[in-house]
Amino acid sequence: MTETEGPAHKKDMTRRRMVFAGGAAIVAAGIGAGVVADEETTGTTSAKKSGGGQGEECYRLTSETTEGPYYIDADKFRKDITEDKEGIPLTLRLKVIDSDTCKPVKHAAVDIWHCDALGVYSGYEAMSSGGPGGPGGGGTPPSGTPTDAPSGTPTGAPPSGGPGGGGGGHSEPTDDERYLRGTQLTDKHGYVEFKTIFPGWYQGRCVHIHAKVHVGGKMTDAGYEGGHTCHTGQFFFAESAVLDSAEVEPYSTSTTTRTTLTEDTIYDQSGVTGGLMKLSYRKRHMARGVVGSITMGVDPDETHDGTDL
């Protein structure tokens with residue numbers, strides 16, 4: 001991995017097991033059905049099955065990533081994180097379970113953040129001018145037949161020192177914007193649901209969403225405080241879905257060079273093991289919305305703040 005961010009509160013950790021399963025259990029639990037009728041479902045759920053509890057399929061996996069330079073401590077407790085940003089509506093359904101017992105982890109704080117439809121991160125708009133290593137930049141939007149195989153000349157690995165590419169350590173915010181960021185506590189079944197938009201892309205990275213899972217703390221007026229971070233990861237999107245999104249405004253107006261899923265140096269190419277989400281949407285009507293789901297298995301006793309990879 002090339003990302004090596006290091007806030008002052010960095011803690012030691014040991015690698016732990018991750019669990020990523022399909023979204024069927026979410027529907028069964030009553031959170032809501034996915035898109036039906038003329039729907040396309042992308043993403044995989046292949047992994048080694050290992051025991052289970054309460055009917056949950058339990059997978060022992062090991063995908064962890066760095067937190068990236070654009071993390072801001074969980075201080076926005078909310079379900080809808082769009083703040084009127086334009087883009088394809090995305091309902092993000094997440095479940096957190098204990099990787100040993102497969103039981104839900106309740107009252108865990110799930111923290112997510114991602115760029116907007118044109119690759120800009122809130123809190124860091126000044127870094128989104130289009131220079132190498134940052135969101136924005138020249139190039140052409142994705143085109144051609146949907147495939148996970150890269151086409152044409154690869155864009156290459158993320159720049160080693162640029163914030164957009166993942167290197168250079170954690171960056172301090174440059175503004176007070178906080179769109180497309182939010183935190184929620186899991187319910188007694190381990191679920192959270194966010195309303196957001198489908199992320200865009202920026203130079204050096206494939207389309208992704210960052211996530212952290214915090215346990216042992218509590219929500220206060222100032223945000224989530226105390227406890228520790230037991231998981232830091234990223235969610236990824238099938239190449240076919242990204243190409244479909246590129247047909248919709250404002251994504252279609254992007255001229256930023258795009259890194260495909262197979263070119264990305266953070267995604268480990270292991271499918272659901274590495275954070276590839278299950279996506280449901282109507283192929284010819286993606287602009288109406290997408291449902292993304294994944295189950296994260298964590299070891300609540302371990303610490304992984306994503307600053308040491």
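The values are calculated or read from the model by the stated rules, or taken from the named source; none is laboratory data. Since the model is a prediction, treat every value here as computed from it, not as a measurement. Heads up, the Cβs are rebuilt from the backbone with ideal geometry, glycines too, and the neighbour counts pull from every protein chain shown. What goes into the accessible areas is simple: the full protein's heavy atoms, side chains included, and nothing from ligands, DNA or RNA. Shrake-Rupley method; radii C 1.70, N 1.55, O 1.52, S 1.80 Å.
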Next item on the list: Could you grab me the full set of residues in segment 228-258 that are within 16 Å of the chain's Cα centre (by Cα) and not in a strand (DSSP E or B)?
Entry: F237, A238, E239, A241, V242
Note to self: Every residue in segment 265-287 that is in a loop (DSSP other than H, G, I, E, B) and touching a residue at least 60 places away in the same chain (Cβ under 8 Å), please.
What the structure shows: T265, I266, Y267, D268, S270, G275, M277
Next item on the list: Select from segment 274-289 the residues that are open to solvent by less than 30 Å² (accessible area, probe 1.4 Å) and under 15 Å from the mean Cα position of the chain (by Cα) and list them in ascending order.
Entry: G274, G275, L276, M277, L279
Check: Which one of V207, V213 is at pLDDT 85 or above, within 20 Å of K85 (Cα to Cα) and aliphatic (A, V, I, L, M)?
Finding: V207
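Hey, can you tell me all the residues within segment 101-121 that are in a loop (DSSP other than H, G, I, E, B), of a type in the set (A, V, I, L, M) and touching a His at 6+ places or on another chain (Cβ under 7 Å)?
Start the filter on segment 101-121 by keeping residues that are in a loop (DSSP other than H, G, I, E, B), which leaves 101-103, 105-108, 114-121.
The next check asks that each one be of a type in the set (A, V, I, L, M); those that pass are 105, 108, 117-118, 120.
Within segment 101-121, just A108 meets the criteria.
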Checklist line | Given (1) touching a strand residue (DSSP E or B) at 6+ places or on another chain (Cβ under 7 Å); (2) surrounded by fewer than 24 Cβ atoms within 10 Å (Cβ to Cβ); (3) β-branched (V, I, T), index of the condition T259 fails | finding: (2)
Check: Given the structure, is Y224 touching a strand residue (DSSP E or B) at 6+ places or on another chain (Cβ under 9 Å) and among the hydroxyl-bearing types (S, T, Y)?
Finding: yes
Check: Looking at (1) at pLDDT 95 or above; (2) more than 22 Å from K106 (Cβ to Cβ), which is the only condition G161 fails?
Finding: (1)
Notebook entry, point to check: Is at least one residue of segment 213-227 over 13 Å from the mean Cα position of the chain (by Cα), among the acidic types (D, E) and either in a loop (DSSP other than H, G, I, E, B) or farther than 21 Å from H170 by Cβ (or both)?
Noted result: yes
Notebook entry, point to check: Within the set of pairs 6+ apart or on separate chains, which have a first residue in segment 226-248 that is under 16 Å from L92 (Cα atoms) and without any contact (Cβ under 8 Å) to a residue 60 or more places away in the chain, a second that is part of a helix (DSSP H, G or I) and open to solvent by less than 10 Å² (accessible area, probe 1.4 Å), and C-beta atoms under 8 Å apart?
Noted result: F236/G274
